[in-house]
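Below: the structure, in structure tokens.
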Amino acid sequence: MEVSEYAKHDATGLAGLISTGRASAEDVRQAALRAVEAVNPELNALVGEPFDEPLSYSTDGPFAGVPFLIKDLVLHAEGVPRARGAV
């Protein structure tokens, strides 16, 4: 999946591509990583590097496989260090 195709979809659209097999969760994840790499130097929005592997997730939820960022001021994930917006 190209970043331009990824950017045309919201989370619901990406979930639809994954659930119907038109894109794999890994293809979507790789496109998301490339999109972040393209814009983060200008935005400086990440306090850390993207994970090498996605966190574990349920494969049967409505958004299974759809990548997302965690804002560490509000939401926390098990095993993920918190920086509270500062490094």
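Some points to look at:
- Crossing angle, helix 25-43 versus the chain [Cα axis fit, 0-90 degrees, rounded to tens]: 40
- Here the contact order of the chain, divided by its residue count and restricted to Cα pairs under 8 Å and six or more residues apart, works out to 31 percent.
- When the helices of the chain are scored as -39500 (n - 2.57) per DSSP H run of n ≥ 4 and the total is divided over every residue, the value at 222 nm lands at -11500 deg cm²/dmol.
- Gained length - residue 2 relative to residue 51, 0.36 nm times residue gap less alpha-carbon distance: 15.7 nm
- One entry in [x] 106; [y] 96; [z] 118 is volume of the Cα convex hull per residue in Å³ calculated from the shown coordinates; its label is [x].
- Cα centre as origin, Lys/Arg/Asp/Glu Cβ charges: the chain dipole, Debye: 240
- At an R0 of 22 angstrom, the distance between the Cβ atoms of residue 26 and residue 76 translates into a FRET efficiency of 0.30.
- Highest average packing first - 34-40, 65-71, Cβ atoms within 10 Å: 65-71, 34-40
Every number in this text was worked out from the coordinates using simple rules, so none of it is lab data. Note that the structure is predicted; figures quoted are calculated from it, not measured. Every residue, glycine as well, gets a Cβ built from its backbone with ideal geometry; the counts of neighbours run over all protein chains shown.
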